[in-house]
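Take a look at the structure below.
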Amino acid sequence: MNRLDLTPYDALLLDFDNTLLATEEFHVMGFTKALKQLLDYDLTREDEIGYMGRTTTSMSAMIIGRLGRHDVTPEQVTELKRQLVLEVFEPKVYPGVVEFLSKQKGKRVIAVVSNSPRDFVEHAMSLSGLTPYVDALLTCDDVVRCKPDPEIFLKASSRVGVPVPRCLVFEDSEIGLQASLSGGFASVLVLNPDNIVPRTIPTSVHLTTWFHLLEGLC
């Protein structure tokens with residue numbers, strides 16, 4: 001992994017789930033229980049992989065359509081899953097994240113850009129102590145089309161007042177990279193422990209870890 005030069009960028013747009021915090025186990029647990037309770041469906045490993053980076057609503061719609069069910073809506077699955085996750089969630093910030101954010105605070109605008117619902121992200125940020133480092137927050141509640149559509153990143157760029165070429169996106173998933181790259185953003189793939197690495201990674205994407213980033217910040 002080569003050293004990442006941050007000097008060309010005035011804003012850092014950071015994905016949340018499995019980029020800043022290890023949240024996958026809670027989302028999968030809540031989704032698994034919601035699907036079982038409402039649809040009597042057992043989430044498969046293939047489903048889990050497809051779920052990474054997607055909204056619960058979009059993944060639920062795919063499963064419901066596959067099952068040919070009309071008695072349960074994706075929104076019902078999403079709401080039950082949200083309640084189940086909030087009941088048990090415990091923050092697990094990846095090592096190096098707080099140090100990185102503290103070094104960047106005041107030097108660059110920091111925005112969290114997440115496909116998760118706002119109430120969950122705000123709750124998780126508060127519990128994990130990340131709120132003071134973040135200047136702006138955009139979630140799936142703020143857009144019509146969530147990732148892999150670039151709308152949320154384009155809206156984040158506009159919200160913080162920094163043009164796309166001066167923004168750098170940090171992602172962990174294939175869905176997230178699709179969104180950032182299609183929006184014309186320079187992008188970083190953060191290789192956190194236990195994350196599912198995208199099958200195809202464009203050569204323009206910089207690969208790094210939080211510790212590697214801390215070794216030579218600009």
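Quick notes
- Residue in segment 61-80 that is closer than 29 Å to R199 by Cβ and under 16 Å from the mean Cα position of the chain (by Cα) present: no
- Within the set A136, A186, the sole residue that is closer than 25 Å to Q83 by Cα, over 12 Å from the mean Cα position of the chain (by Cα) and at pLDDT 95 or above turns out to be A136.
- Subset tally (residues that are in contact (Cβ under 8 Å) with a residue 12 or more places away in the chain and among the hydroxyl-bearing types (S, T, Y)) for segment 125-163: 4
- The residues on offer are A156, A179, and the sole one that is out of contact with any strand residue (DSSP E or B) (no Cβ under 7 Å at 6 or more places or on another chain) and crowded, with 24+ Cβ neighbours inside 10 Å is A179.
Residue-wise test of (1) at pLDDT 95 or above; (2) crowded, with 22+ Cβ neighbours inside 10 Å; (3) aliphatic (A, V, I, L, M).
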{"position": "D5", "(1), (2), (3)": "no, no, no"}
{"position": "L13", "(1), (2), (3)": "yes, yes, yes"}
{"position": "L20", "(1), (2), (3)": "yes, yes, yes"}
{"position": "E24", "(1), (2), (3)": "no, no, no"}
{"position": "Q37", "(1), (2), (3)": "yes, no, no"}
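- The residue list R166, R199 contains one member that is over 16 Å from the mean Cα position of the chain (by Cα), charged (D, E, K, R) and closer than 14 Å to L12 by Cα, which is R166.
- Residue in segment 39-61 that is outside the structural domain of P198 (by TED's automatic domain parsing), in contact with a Gly (Cβ under 8 Å, 6 or more places away or on another chain) and touching a residue at least 60 places away in the same chain (Cβ under 8 Å) present: yes
- Residue count, segment 162-215 (criterion: farther than 20 Å from C146 by Cα and either in a helix (DSSP H, G or I) or not assigned by TED's automatic domain parsing to the domain that holds D17 (or both)): 8
- The one condition in (1) on the phi > 0 side of the Ramachandran plot; (2) in contact with a Leu (Cβ under 9 Å, 6 or more places away or on another chain) that G161 fails to fulfil: (2)
The values are calculated or read from the model by the stated rules, or taken from the named source; none is laboratory data. A quick note: this is a predicted structure, and the numbers were derived from the prediction, not measured. Cβ: placed from backbone, ideal geometry, glycine included. Neighbour counts: every protein chain shown.
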